[in-house]
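Here the structure comes first, spelled out in structure tokens, and everything after it is commentary.
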Amino acid sequence: MSNHIAFTLLICSLTAFLFSLSNATANDKFDFIIIGGGTAGLTIANRLTEHPHITVAVIEAGDKVFNNSNVTDTDKFTVALGTSIDWQYESTNQTYAAGQTVSCHAGKALGGTSTINGMTWVRGEKAQIDSWETIGNEGWSWDELLPYYKKSENFIVPSPAQVAAGASYNAVDHGEGGPLRTGYHPELLNGSLHGSVETAWKSLSIPSTIDANGGDVRGFTVEQQTLDPDANVREDAARAFYYPFQERTNLHIYLKTTVAKVIWTDNDGDAIADGVKVISSNGTVSTINAKREVILSAGSLRSPAILELSGIGNPNILDKFGIPSKIVLPGVGENLMDQPNNAIVYNSSTIFNGTTGYVTYATAADFHMEPPSDEDLPIWAEQVAAANNHAVNASSLEYIFKVQSQLLKSVTNAEVFLSTGKGIGLPPSGLLATAFWLLMPFSRGSVHINSLDPLAYPTINPNYFLVDYDLKTQAAITKWVREFWMTTPMSSLASEISPGYETLPANATDAQYIEWAKTSCKAANSTDLLSVSSNAHPLGTAAMMPRKLGGVVDNRLKVYGTANLRVVDASVIPFQISGHLTATIYAIAEKAADLIKADIK
């Protein structure tokens, strides 16, 4: 057992009684209230309570999962999906994806979605982060965010055995002093598969990447993960940012407690958040007060609902439920962007006992897709605006689409993830699954309340494939993935079992690929782990953008029209990224903590 884990277990046992996690009582008061004990929430709580005079309350709807094997086991991340620590959200019928409903996973536990995700540690592309500043967010560029990416991280250098199995890194791209351990899976697959996959991609002009975390992700690599390689356990946000620090008397955690709404001080000018109304697991309703700020970190699928229940949003939505408009912000809950996901499954006579995590990022040119034309952008903007009742107007969307279109001329727009069955939580077998998704969809959906009940789930509509360019892109990626499997040496290693050539012929037309991509997604609540429809990367629903573009928060992450309410989670990210959200959420939270500290007088 590593010293890190041993220390954590010791702290847990010594302080379990003294610092028990309690229910809210009337008139509890703290400097800061953080709604959501997930990736961002616990990072901010940790950084603020480094100062002993600052008191912080974190309110989390879930419970502790420190010893939950579905969380800690690095080979079982899919097993937790659909359990009590998954919110188990479900989308509306997806009009442009054959009318299917899809499962939308999010973590309901101390540690949030970091307790149930795939643990992938890839930041995204430099140009994508720079685009945040391009649209008006001063101070948000790759160069300014990179130190915060590194601040959270304690990168563990791969062992010789891991290097032999394909692990590689650039030390300059990583942090080594942060609370969060990252590195390579200790059970990386040995043998020839890595070399075969690398050779196949090179035959398609895809280079190998030494390290995908340096701001240029294009190429083939073995993924880095949020895990402790020595102990072989997942490093979720609670394990890194809470449990080793839980003895802090200025840090208080409310578990199994739901925030009903933000409450306000009566005043003129910018609205002042006075605290929050909460519901404990036994149904008790009480108030927790904030002396300084309320920080909303409930995630892209929950934060917009809390804003709306608190009177912030589109009056057309709020009026339906008799909620007085405290602040008119039509962008709340809009701009939902997620990545639709398909999979092709192969079978080999070889039994794969190890994990792979082989990931490949490609540009549109790599998978033979034409970039968007300028003439298409206003048409798509009008389509998206109309689908969302013009809550964000077409001219704003057209501007955003122009920025995105420029990005797509150089940045990657496809991710292909190749894994053994063991790598996705199945017993060792000959299965090899390739999941793949477009990275930067133009389609936009929404998340909105459908009830005054704070315990009711919001209505989630990702609008997959609303813009037909997204569907054509996903179909082109599908065709390209098959091209990869038909190369030497992959064609001799395994045979396709899903969808199979009877369902999707080897010489399928573009129309057949489009139809398959649209209809093959997993239905909500399906137990099939090899084909998923949501990539579980929702963002943008409280976007950090100028208010005139439909933005919800400014460049200091404060909600427009408020004096002391911030949103800090994936909902503030204005564009999809070519990577996975976890690393970027940690970086945003680290920067947010510094912004908050700078405002303390």
Ala127 passes all but one of the listed conditions (1) touching a residue at least 40 places away in the same chain (Cβ under 8 Å); (2) surrounded by fewer than 22 Cβ atoms within 10 Å (Cβ to Cβ); (3) under 18 Å from Thr355 (Cα atoms); the exception is number (3)
Those residues of segment 346-378 which are closer than 25 Å to Leu581 by Cβ, among the hydrophobic types (A, V, I, L, M, F, W, C) and in a strand (DSSP E or B) amount to Val359, Ala362
Would you mention how many residues in segment 168-200 are under 22 Å from Leu493 (Cα atoms) and aliphatic (A, V, I, L, M)?
5
By residue number, the members of segment 484-512 that are touching a residue at least 40 places away in the same chain (Cβ under 8 Å) and of a type in the set (Val, Ile, Thr) are Thr487, Thr488, Ile497
Lone unmet requirement of (1) under 18 Å from the mean Cα position of the chain (by Cα); (2) over 29 Å from Ser69 (Cα atoms) for Ile206:
(1)
Among the residues of segment 144-158, count how many are in a loop (DSSP other than H, G, I, E, B) and of a type in the set (A, V, I, L, M, F, W, C).
2
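So that you can scan it fast, the table gives a plain yes or no per residue for (1) of a type in the set (Gly, Ala, Ser); (2) buried (at least 18 other Cβ atoms within 10 Å of the Cβ):
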site: Ile344; (1), (2): no, yes
site: Pro378; (1), (2): no, no
site: Glu382; (1), (2): no, no
site: Ala386; (1), (2): yes, no
site: Ala391; (1), (2): yes, yes
site: Ser405; (1), (2): yes, yes
site: Lys409; (1), (2): no, no
site: Asn413; (1), (2): no, yes
Can you name the residue in segment 291-328 that is part of a loop (DSSP other than H, G, I, E, B) and on the phi > 0 side of the Ramachandran plot and, of all such residues, is surrounded by the most Cβ atoms within 10 Å (Cβ to Cβ)?
Gly299
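Can you say whether Ala587 is of a type in the set (Gly, Ala, Ser), assigned to a helix (DSSP H, G or I) and either under 30 Å from Ile344 (Cβ atoms) or in contact with a Ser or Thr (Cβ under 9 Å, 6 or more places away or on another chain) (or both), as far as the supplied structure shows? Steps first, answer last, please.
Values: of a type in the set (Gly, Ala, Ser): yes; assigned to a helix (DSSP H, G or I): yes; either under 30 Å from Ile344 (Cβ atoms) or in contact with a Ser or Thr (Cβ under 9 Å, 6 or more places away or on another chain) (or both): yes.
So Ala587 passes the test.
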Does Ser84 satisfy the condition of being part of a loop (DSSP other than H, G, I, E, B), among the polar types (S, T, N, Q) and modelled with pLDDT under 95?
no
On the basis of being part of a strand (DSSP E or B), touching a Phe, Trp or Tyr at 6+ places or on another chain (Cβ under 8 Å) and over 30 Å from Ala61 (Cα atoms), does Leu432 make the cut?
yes
Go through (1) over 25 Å from the mean Cα position of the chain (by Cα); (2) assigned to a loop (DSSP other than H, G, I, E, B); (3) buried (at least 24 other Cβ atoms within 10 Å of the Cβ) for Gly191 and report which single condition fails.
(3)
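Among Val233, Val262, Val294, Val285, which is more than 21 Å from Val65 (Cβ to Cβ) and either at pLDDT below 95 or touching a helix residue (DSSP H, G or I) at 6+ places or on another chain (Cβ under 8 Å) (or both)?
When all the criteria are applied, what remains is Val262.
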Looking for whichever is more than 28 Å from Leu408 (Cβ to Cβ) and part of a helix (DSSP H, G or I) here; the options are Ala231, Ala161, Ala167. Which one fits?
Ala161
Examine segment 350-365 for a residue that is at pLDDT 95 or above and farther than 30 Å from Gly183 by Cα, and state whether such a residue exists.
yes
Could you go through segment 363-374 and let me know if any residue there is among the small types (Gly, Ala, Ser), in contact (Cβ under 8 Å) with a residue 12 or more places away in the chain and surrounded by 24 or more Cβ atoms within 10 Å (Cβ to Cβ).
no
Would you tally the residues in segment 590-601 being assigned to a helix (DSSP H, G or I) and either of a type outside the set (Gly, Ala, Ser) or buried (at least 23 other Cβ atoms within 10 Å of the Cβ) (or both)?
8
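The values are calculated or read from the model by the stated rules, or taken from the named source; none is laboratory data. The structure presented is a predicted model; accordingly, all values stated were derived computationally and were not measured. Please note: Cβ atoms are built from the backbone with ideal geometry, for glycine as well, and neighbour counts cover all protein chains shown.
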